[in-house]
Amino acid sequence: MLYTSISSKQRILAQKSSKLTKKSIRWLVALSSIPLFGIVTAFGIAPNSPSFGSVQVEEVVLDLDLSIPDVLAEAQANQTFWRQESIRRGDTIASILNRLDVSSQDSIDFLQAARGSRAMRQLKPGKTIYAQTTAEGELLSLRYFFGNEELFLMEKTDDEFKMTEQSIELDSQIHMKSGVITSSLFAATDNAGIPNNIAMQLTEIFASEIDFYRDLRQGDRFTVVYETFSNNGRRAKTGQVLAVEFVNKGKSHQAVYFKSSNGADGYYTPEGDSLRKAFLLSPLAFTRVSSGFTNARFHPILREWRAHRGIDYAAPTGTPVKATASGIVAFSGSQRGYGNLVVLKHNGKYETAYGHLSRFASGLSKGKRVNQGDVIGYVGSTGMATGPHLHYELRVDGVQRDPTKVMLPTAPPIAKRDLNNFQKEAQTLVARLNIMRSIQLAAIE
């Protein structure tokens, strides 16, 4: 959750007031001590002075007001913050207000005022809600960009919430950033100030080139050009990656975005070859391989050595499972040791199987067409499984094959009619990547 103070001047003033007050007290003590020290010195040097024993001592007790004005506390109480919260799967506006630390009464009043709102019925996972609150949890305003560039705005006026929903015009900005992998991809993108949405796009762009769980190495680096959209200077939404370079294990992978004359879009190498392979490397975004494809594995349940004709991906129950290629659902149901199983029939001689699912995606049934990347089910431990994981198989002509060793077909390159336009756009985008790479390498050296 991001906190951005819009009363920084008040905070700075409060801090200065506090420091000045403490400093004044120290001077007050010092100055008030001077006469005392002067008197002692006078006793020491005054001629013909009586002895200390004959000096009359009188104890004087004065009530001094040494309290520090509570400027800092008052300033903090008056501060307001812009906070943001990403929408999660299954979220309601009530759960989001709770994570934003909005007071109970303001949450109730907001929900009452937002009845009938189209935006509140379109809470899309991954999008962001922005809220202005006080330190005490009072909600002052809330905005959410939804639909086709529409703005939901709720503002508090005279202790009442007023709601508006309207179309807006957004301004676009292009950003260029780079980073180095030290622990994980998301740690590196966070350090570089890159939105999570852009980081996820990066993994999807290279999904057929890089396994972002198994292939990442410390020292891998990336450069990305992406767009964002704002309204009146405030960020409304994150756009898409326009160009990216990822250097993995010393090998450079580059991609540029292009929309063809027929409306189809995608990512291509600077030479015009499509990065979209017929099959993704993994059916899960981030996971670990718990069992690979092998002819001899000791089965944890049957307690015997037998072939393992697939790859097991360990992941928490409920993790979305994606179709690695477009195809038709050939089977969806329970099958012996596989438990809940989905089998997809792809073009030509290929099939893929997804076993041990906890449940199937809504609406999935035999004969339905799915596209590459569509969620078809969720990780589970049904069938012969000792824990939650996905059993994934690639079948060629009905025979299970090792997905990591089979040469799979690729998507067609840029069409000849679009080649000139593509080359012009790609040249500009690659030039941006080159600039950022040079800056990054200079910083490393």
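Worth a mention:
- One residue stands out in region 166-195 among those that are part of a strand (DSSP E or B) and modelled with pLDDT under 90: the one that is farthest from LEU429 (Cα to Cα), namely GLN166.
- Only residues that are over 24 Å from THR404 (Cβ atoms), of a type in the set (Val, Ile, Thr) and in contact (Cβ under 8 Å) with a residue 40 or more places away in the chain were counted in region 177-208, giving 2.
- Set VAL224, VAL241, VAL247: member being of a type in the set (A, V, I, L, M, F, W, C), crowded, with 21+ Cβ neighbours inside 10 Å and farther than 30 Å from GLN132 by Cα: VAL224
- In region 87-141, residue nearest to LEU151 (Cα to Cα) [restricted to those that are assigned to a helix (DSSP H, G or I) and within 18 Å of the chain's Cα centre (by Cα)]: ILE96
- Options VAL342, VAL406, VAL399, VAL329: the member that is within 31 Å of the chain's Cα centre (by Cα) and of a type in the set (A, V, I, L, M): VAL342
- For VAL375, the stated conditions hold: it is within 26 Å of the chain's Cα centre (by Cα), aliphatic (A, V, I, L, M), surrounded by fewer than 17 Cβ atoms within 10 Å (Cβ to Cβ) and within 23 Å of LYS277 (Cα to Cα).
- Selection of region 237-270 for residues being among the acidic types (Asp, Glu) and either under 15 Å from ASN421 (Cα atoms) or not in a strand (DSSP E or B) (or both) yields only ASP265.
- Filtering region 144-157 to residues that are of a type in the set (D, E, K, R) and modelled with pLDDT of 90 or more leaves GLU155, LYS156.
- Looking across region 352-371, the residues that are over 11 Å from THR317 (Cβ atoms), crowded, with 20+ Cβ neighbours inside 10 Å and not hydrophobic (A, V, I, L, M, F, W, C) come down to THR352, TYR354, GLY355.
- Within region 389-400, being part of a strand (DSSP E or B) and in contact (Cβ under 8 Å) with a residue 40 or more places away in the chain holds for HIS389, LEU390, HIS391, TYR392, GLU393, LEU394, ARG395, VAL396, GLN400.
- Residue check for THR386: assigned to a strand (DSSP E or B) and closer than 21 Å to TYR313 by Cα: no
- Some residue of region 115-128 being closer than 22 Å to GLY233 by Cβ, at pLDDT 90 or above and of a type in the set (Lys, Arg): no
- Some residue of region 146-159 being surrounded by 20 or more Cβ atoms within 10 Å (Cβ to Cβ), closer than 30 Å to SER326 by Cα and in the same structural domain as GLN254 (by TED's automatic domain parsing): no
- Restricting region 319-351 to residues that are in contact with a Ser or Thr (Cβ under 9 Å, 6 or more places away or on another chain) and closer than 18 Å to THR404 by Cα, the residue that is surrounded by the most Cβ atoms within 10 Å (Cβ to Cβ): THR324
The values are calculated or read from the model by the stated rules, or taken from the named source; none is laboratory data. Since the structure is predicted, the reported quantities are computational estimates derived from the model, not experimental observations. With ideal geometry, Cβ positions are generated from the backbone for all residues, glycine too; neighbour counts draw on all protein chains shown.
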